[in-house]
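Worksheet: the structure to be examined is printed underneath.
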Amino acid sequence: LAKTTQPISMDSYEGQEVNITCSHNNIATNDYITWYQQFPSQGPRFIIQGYKTKVTNEVASLFIPADRKSSTLSLPRVSLSDTAVYYCLVGDGYSTLTFGKGTMLLVSP
Amino acid sequence: SQTIHQWPATLVQPVGSPLSLECTVEGTSNPNLYWYRQAAGRGLQLLFYSVGIGQISSEVPQNLSASRPQDRQFILSSKKLLLSDSGFYLCAWSVLSSGTGVLLANVLTFGAGSRLTVL
C-alpha cells in the first residue's frame, strides 16, 4: 500500500486560498488519490479524487504532477467552516483505505 | 439515493459488558462495508471490512467481531468490553465498480458514528 505523508497542521485566515500537499512516493500505477474532510464528531466526507493532472469540483481542486508522487488539495477562499481535518489516501480500489492522522486546518477570522 | 444508518449514537458501557453496534445501508446493492474506530485525537483505524454476506476480513486482532447477516447490514459486536474499546466507531460503505474517471471503491460514505465510552 502506498504510504502518504502530509503536514500535521496548517493555519489560515478567512478568504485565503489553502494548499495542502500530500506525498506518496511509492504510488502504484493503478492507484487513485482521494481526499476526505472530517469535522469533529462526524465521519469523514469525500471531497475530491484524481488520477493525474488537475481535477476541480464545486468544493476544491486537486493538482497532481506528472510523476504522481505528490498531490495538492487546493481550497479557494476558505471560511471558518472549512476548519477540519483533511486526509489524503491512495489506493487501487481493491485494497482497503488507510486513514493517517491527516492535516488539521485551522481557519481564523 | 443511498443512505447509511448507524446506531446507537452514543452509549456508556461498563467494562466486561457486551456490545452491539448496527449499521444499515439503503439504496444500493452488494456494497463494501467497513467498520472504523477513531480514538480521541487519533486517526481512523480500520477494524473490519466486508465485500459480501458472511465475508468478513479483520484488520486488527482484538476482542471485537463483525457480522454481515444481510447484504446491507453490518454489525460490530463484543462479548466483553475493555477500557481500550472506548472510541468513536464509524460504519462506511462503498461500491466496487468504477465510474467514469472515478474509482468509486475509494469513495467511502460514512455513517454519523457511535461514540462508545467504557467505564
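In table form, for the structure just shown:
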{"read-out": "When residues of region B:88-112 are limited to those that are of a type in the set (Gly, Ala, Ser) and surrounded by 20 or more Cβ atoms within 10 Å (Cβ to Cβ), the one nearest to the other protein chains (Cβ to nearest Cβ)", "value": "B:Ala105"}
{"read-out": "Candidates A:Glu14, A:Glu58, filtered to the one that is surrounded by fewer than 18 Cβ atoms within 10 Å (Cβ to Cβ) and touching a helix residue (DSSP H, G or I) at 6+ places or on another chain (Cβ under 7 Å)", "value": "A:Glu14"}
{"read-out": "Residue list for region A:22-47, filter: at the interface with chain B (Cβ under 10 Å from one of its Cβ atoms) and more than 21 Å from B:Gln45 (Cα to Cα)", "value": "A:Asn30"}
{"read-out": "Verdict on A:Leu80 being crowded, with 16+ Cβ neighbours inside 10 Å, within 26 Å of B:Leu90 (Cβ to Cβ) and in contact (Cβ under 8 Å) with a residue 12 or more places away in the chain", "value": "no"}
{"read-out": "When residues of region A:61-100 are limited to those that are in contact with a Leu (Cβ under 9 Å, 6 or more places away or on another chain) and more than 15 Å from A:Ile47 (Cβ to Cβ), the one nearest to the other protein chains (Cβ to nearest Cβ)", "value": "A:Gly93"}
{"read-out": "Per-region count, region B:33-50, residues surrounded by 12 or more Cβ atoms within 10 Å (Cβ to Cβ), over 16 Å from B:Ile75 (Cβ atoms) and touching a residue at least 40 places away in the same chain (Cβ under 8 Å)", "value": "3"}
{"read-out": "Criterion violated by A:Ile64 - all others in (1) closer than 21 Å to A:Leu106 by Cβ; (2) in contact with a Gly (Cβ under 6 Å, 6 or more places away or on another chain); (3) touching a residue at least 24 places away in the same chain (Cβ under 8 Å) satisfied", "value": "(1)"}
{"read-out": "Filter pass, A:Thr98 being modelled with pLDDT under 95 and either buried (at least 17 other Cβ atoms within 10 Å of the Cβ) or out of contact with any His (no Cβ under 9 Å at 6 or more places or on another chain) (or both)", "value": "yes"}
{"read-out": "Close pairs from region B:14-25: first surrounded by 15 or more Cβ atoms within 10 Å (Cβ to Cβ), partner small (Gly, Ala, Ser) and part of a strand (DSSP E or B), Cβ under 7 Å, at least 6 apart", "value": "B:Leu19/B:Ser77; B:Leu19/B:Ser78; B:Leu21/B:Ser114"}
{"read-out": "Tally, over region B:53-82, of residues that are in a strand (DSSP E or B) and either surrounded by 13 or more Cβ atoms within 10 Å (Cβ to Cβ) or of a type in the set (Ser, Thr, Tyr) (or both)", "value": "14"}
{"read-out": "Only listed residue being at pLDDT below 95, more than 17 Å from B:Ser17 (Cα to Cα) and assigned to a strand (DSSP E or B), chosen from B:Leu90, B:Leu47", "value": "B:Leu47"}
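The values are calculated or read from the model by the stated rules, or taken from the named source; none is laboratory data. This structure is a prediction, so every number in the text was calculated from the model and none was measured. Please note: Cβ atoms are built from the backbone with ideal geometry, for glycine as well, and neighbour counts cover all protein chains shown.
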